[in-house]
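Take a look at the structure set out below.
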Amino acid sequence: MRVLWIVNRMLPIIAECLGVESSVKEGWITGMFAQIMANTAGNGIELSIAFPAKDELATFEGEIPVGDIKLPNIPFGISTEKQTFKAYGFYEDLNKGEKYDLKTEESLKQVINKVNPDVIHVFGTEFPHCLATLKAADNSGKILVGLQGLCHAIAEVYEADLPKAVVNRNTFRDFLKRDSIKRQKYKYFKRGENEKEAISRATYVTGRTKWDRNRTKEINPDVVYLGMNETLRSCFYTGRWRQENCEPGVIFLSQGDYPLKGLHYVLEALPKILEECPDAHIYIGGQNITKHETFKEKLKLSSYAKYLLKLIKVNHLEDKVTFLGSLTAEEMREQYLRSNVFVCPSKLENSPNSLGEAMLLGVPCVAARVGGIPDLITEDEGILYEDGNVDELANAIIEQLKAEGDFTARLKKARGHANFNHDPEANYHTLLQIYNRIAN
């Protein structure tokens, strides 16, 4: 069976082979890739992967050696030393994700004709290449559209309760890049239009939550919705959180570089948290958009970044907030394990992998009750709060920071739920069943 993956970003294994910088985003695809390649001899899949590029890599075509993959829950791994897969570049400018480009459609058509796949699996609806794939292929019945985030839903709540003055403000950076908060919201709206057209054309979609199923069925009642969970990166399947190994008061967020991720809610809640827990300290993974030590850095500040800096200054939090920068999977794992609580304060999420990673490791979790999150973690497994309610958020974090051993049963349930959702072997067999159904 010939399977073509259309991914949003170049997989690290391809980037390493080509000697270019790789992305740490969407790492769960690497987990699925590892399972496919380690079992190639038995699953009958001939895998090709197409990735977006706008430079000379847009026409790349090559065979990539896999090397030796170590998989979660398989003690000695499986040797894939002689395995290879084909990789293809296709044209797309991800910096203009709101713009549909006929060049992308034509570029994908060329890739599809070369591979002649039995199944095309598009990972995500966030970029125009999803719609372009459905237009470029002769038969939508062999295309599986994988739901990740849903742009049309994000556009509805993107401002995330920010003050109107912050939403309407244009900093020098925002003006120069044409990237104000209002403009960012507009881009999600335009991406959502392409997304909705793609879903309306799709025969098969795969998702993980009641929320993404309902949103999809609203657009296309006739679409065949197939449930499939995600396999995360292997390092999150080993190790276990223990309270005695934590640093006092550590609150961890996986990212906070745009409004939807809700960092501002946690900063607003922190003064109340500090009254009860003076050791509390927020650590944030991902890009630090608040850097302002040099004149050049100050010119690069967005309206959202300035709002975060204002919250930090007004509430005297300068010594209570640390941005960690981009973290590898192993660095993320270590940060989870040293944290007293992981917080997912997003205004909207479908199935955030960071929450799954934290739950796999047994980290106490606090999350907003939005989107698909209630399907990932229940009230018996963590603390869910009403999104945007800063007092409720503060109380939830305080409860976790002050907990002393009385929440062992809760963490055990959360870990069991995550192990079920992210079971590599079960997810692999579900994927094979879906591919066989579509191919046949």
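Laboratory data are not the source of any read-out in this text; all were calculated from the coordinates shown. These numbers were taken from a predicted model, which means no experiment stands behind them. Cβ placement follows ideal geometry from the backbone for every residue including glycine, while neighbour counts extend to all protein chains displayed.
Here are the numbers for the structure shown:
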| item | result |
| --- | --- |
| The range 250-335: C-alpha gyration tensor shape, a/c 1.5 cut-off, then a/b vs b/c | oblate |
| Cα-centre dipole for the chain with unit charges at Cβ (Lys and Arg positive, Asp and Glu negative), debye to 20 | 1040 debye |
| Reduced Cα scattering model of the range 184-261, Debye log10 I(q)/I(0), q = 0.12, 0.16, 0.19 Å⁻¹ | -0.63, -0.87, -0.99 |
| Mean separation of Cα contacts under 8 Å, 6 or more apart, over the residue count of the chain: relative contact order % | 15 percent |
| Linear extension gain, Asn170 paired with Val314, 0.36 nm per residue minus alpha-carbon span | 49.7 nm |
| Spin-label model distance (nm) - Arg178 vs Thr84, 7 Å beyond Cα toward Cβ | 4.3 nm |
| Ranked packing of 207-215, 384-392, 341-349, most packed first, by mean Cβ within 10 Å | 341-349, 207-215, 384-392 |
| Packing-based ranking, highest mean first, of 53-63, 410-420 given that Cβ atoms within 10 Å are counted | 410-420, 53-63 |
| Neighbourhood charge, 15 Å Cβ-Cβ cut-off, centred on Ala280 and excluding it, Lys, Arg +1 and Asp, Glu -1 | -4 |
| Additional length obtainable on full extension of the chain from Asp222 to Val20, 0.36 nm per residue less Cα span | 68.6 nm |
| Under Karplus coefficients 6.51, -1.76 and 1.60, residue-wise ³J(HN,Hα) of the range 12-17 in Hz, glycine/proline x | x, 5, 6, 4, 5, 5 |
| Cα-based Rg and Dmax for the range 237-421, where Dmax is the largest Cα-Cα distance (Å) | 15.7, 51 |
| Given Lys86/Lys196; Lys182/Lys261; Lys109/Lys142; Lys164/Lys347; Lys272/Lys347, the pairs whose alpha carbons are separated by over 19 Å | Lys86/Lys196; Lys272/Lys347 |
| Sparse-neighbourhood loop sites, chymotrypsin sites (Phe, Trp or Tyr not before Pro) in the range 225-261 - DSSP loop, at most 13 other Cβ within 10 angstrom | none |
| Rg over Rh, two decimals, the chain (C-alpha only, Kirkwood Rh) | 0.96 |
| Nearest-0.05 FRET efficiency for Glu244 and Ser200, computed from C-beta distance (R0 60 Å) | 0.70 |
| Per-residue HN-Hα couplings for the range 92-98 [Karplus 6.51, -1.76, 1.60; θ = phi - 60°; Hz; x = Gly/Pro] | 6, 9, 5, 6, 10, x, 8 |
| Peptide ranges 2-11, 315-324, 148-157, 124-133 listed from the most packed, as the mean C-beta count within 10 angstrom indicates | 124-133, 2-11, 148-157, 315-324 |
| Hydrodynamic radius of the range 217-277 per Kirkwood, over alpha carbon pairs, in Å | 16.5 Å |
| Contour minus Cα-Cα distance for Glu156 and Lys291 (0.36 nm per residue) | 45.7 nm |
